[in-house]
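K.L.:
One structure, as structure tokens, below. Some questions next.
The values are calculated or read from the model by the stated rules, or taken from the named source; none is laboratory data. Worth saying up front: this structure is predicted, and the values here are computed from it rather than measured. Methodologically, a virtual Cβ is constructed for each residue, glycine included, from the backbone with ideal geometry; neighbour enumeration extends over all protein chains shown. Just the protein is used for accessible areas: all its heavy atoms, side chains included, with ligands, DNA and RNA removed. Shrake-Rupley method; radii C 1.70, N 1.55, O 1.52, S 1.80 Å.
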Amino acid sequence: MVVLGIETSCDETGIALYDSKKGLLGDALFSQIDMHVDYGGVVPELASRDHIQRVLPLISEVLDQAGLKKADIEAVAYTRGPGLVGALMVGACVGKALAWAWDVPSIGVHHMEGHLLAPMLEDNPIAFPFVALLVSGGHTQLVQVDGIGQYHLLGESVDDAAGEAFDKVAAMLGLDYPGGPAISLLAEKGTEGRFRFPRPMTDRPGLDFSFSGLKTFTLNTVAKCREASDVELSEQDRADIARAFQDAVVAALTIKCRRALQQTGMKQLIIAGGVSANTSLRESLESMVAKEGGELRYARPQFCTDNGAMIAYAGCQRLVAGQNDGPEVVPVPRWPMDQLEAVN
Ligand code: KG4
Ligand code: ZN
């Protein structure tokens with residue numbers, strides 16, 4: 001089955017074609033970062049308007065890439081939620097309208113299920129069951145995954161998401177939105193151990209996370225350095241703070257992932273979402289999982305952040321199993337993942 005995937009939940013328009021037999025056939029993305037950068041974050045109304053302009057040209061682009069025609073598309077998958085309601089509305093309306101015009105089924109996909117399954121787009125995917133760490137701009141969750149739609153939440157952030165903390169700390173250091181990649185680059189020049197930031201919630205049992213205290217700790221460190229230098233932070237101060245912050249986030253995530261594997265008795269770990277593109281996190285988890293005798297999987301960097309391929313893939317799994325939507329267009333800005341239907 002050839003499935004068109006449409007992702008418009010936030011600030012990226014992602015379109016892809018996925019074939020249940022041949023795999024990924026085409027994939028294109030338009031990022032709105034340049035449009036939002038002056039505001040230091042995503043402006044929802046601007047995001048929705050831009051998605052409207054991008055969706056159809058990107059669909060033509062992926063059809064060309066794949067050497068296919070509209071008539072070859074056998075189903076449409078679009079992101080139904082969670083996300084910005086206006087942005088979701090664009091993908092849902094276009095997706096449903098096209099499916100109706102082409103007389104093919106459509107399905108609304110959960111954005112985080114898309115992220116969770118994105119590592120399956122790579123060679124040598126692992127089989128269910130496994131533990132998934134979902135780390136994006138809006139979510140930080142540990143999930144026991146027994147199959148598609150069989151998600152048991154093990155723990156989550158009680159305040160900020162990991163990606164959100166990266167973005168806020170980046171702003172404190174004068175880096176542009178989105179902050180994750182910028183912090184990671186700056187941290188490479190940082191001195192290990194000059195500052196030691198706390199590893200939140202690792203000294204007590206459980207699998208929940210917290211990142212807002214770390215944010216305040218960073219802010220206080222920035223203020224202290226400023227006082228000491230009497231002017232702006234030096235380049236080295238900024239790099240050392242970025243390094244200390246990233247090391248703390250990575251350590252906290254690694255400790256909780258090890259605990260989740262031990263608690264569930266599972267050996268396989270998947271990481272997904274924008275923060276899973278972080279090299280330091282990948283390296284730390286690789287070494288932890290190797291010590292546990294397990295396996296780690298993640299997607300290539302462009303499929304860690306928002307993209308159409310993950311939506312086409314996740315939608316395809318459900319459509320092939322016979323699931324699809326009714327005619328109504330209902331974006332769901334808040335949507336717990338454990339409410340999803342299982343695919344048997
Ligand atoms: O999954 P995603 O593209 O969108 C959401 O669903 O939220 O994640 C975006 C988040 C942003 O907060 C961004 O700063 C973070 O992922 N991110 C990273 C890296 N690349 C993106 N964080 C740390 N290191 C990275 N290399
Ligand atoms: Zn996302």
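K.L.:
Take Val109 and tell me if it is more than 18 Å from Leu154 (Cβ to Cβ), within 15 Å of the chain's Cα centre (by Cα) and within 16 Å of ligand 2 (Cβ to nearest atom).
P.N.:
The answer is yes for Val109.
K.L.:
Does Leu154 qualify as being at pLDDT 95 or above, within 20 Å of Leu261 (Cα to Cα) and open to solvent by 20 Å² or more (accessible area, probe 1.4 Å)?
P.N.:
Here the answer is yes, as Leu154 does meet what is asked.
K.L.:
Kindly indicate the residue of the range 272-291 that is away from ligand 2 (no atom under 13 Å from the Cβ) and among the hydrophobic types (A, V, I, L, M, F, W, C) and also surrounded by the fewest Cβ atoms within 10 Å (Cβ to Cβ) among those meeting that condition. Quick ask: steps written out before the conclusion?
P.N.:
Residues of the range 272-291 that are away from ligand 2 (no atom under 13 Å from the Cβ), as a first pass: 278-291.
The next check asks that each one be among the hydrophobic types (A, V, I, L, M, F, W, C); those that pass are 281, 285, 288-290.
Details: Leu281: 24, Leu285: 22, Met288: 18, Val289: 21, Ala290: 11.
Result: Ala290.
K.L.:
Which residue pairs have Cβ atoms closer than 9 Å, lie 6 or more positions apart in sequence or on different chains, and pair a first residue in the range 104-115 that is outside any helix (DSSP H, G or I) with a second residue that is surrounded by fewer than 23 Cβ atoms within 10 Å (Cβ to Cβ) and among the acidic types (Asp, Glu)?
P.N.:
Close Cβ pairs (under 9 Å, with a partner that is surrounded by fewer than 23 Cβ atoms within 10 Å (Cβ to Cβ) and among the acidic types (Asp, Glu)) amount to Val104/Glu74; Pro105/Glu74; Pro105/Asp325; Ser106/Asp325; Ile107/Asp325; Gly108/Asp325.
K.L.:
How many residues are open to solvent by less than 70 Å² (accessible area, probe 1.4 Å), over 30 Å from Thr264 (Cα atoms) and of a type in the set (Gly, Ala, Ser) when one looks only at the range 207-230?
P.N.:
2
K.L.:
If you check Val131, Val55, Val76, which single one turns out to be over 21 Å from Val330 (Cβ atoms), modelled with pLDDT of 95 or more, open to solvent by less than 20 Å² (accessible area, probe 1.4 Å) and more than 16 Å from ligand 2 (Cβ to nearest atom)?
P.N.:
Val131 is the lone residue from the list that is over 21 Å from Val330 (Cβ atoms), modelled with pLDDT of 95 or more, open to solvent by less than 20 Å² (accessible area, probe 1.4 Å) and more than 16 Å from ligand 2 (Cβ to nearest atom).
K.L.:
Cβ-Cβ distance below 7 Å, separation of 6 or more or different chains: which pairs start in the range 129-147 with a residue that is free of Cβ contacts under 8 Å to residues at least 24 places away in the same chain and end on one that is part of a loop (DSSP other than H, G, I, E, B) and open to solvent by 10 Å² or more (accessible area, probe 1.4 Å)?
P.N.:
Hits for this filter: Asp146/Phe128; Asp146/Pro129.
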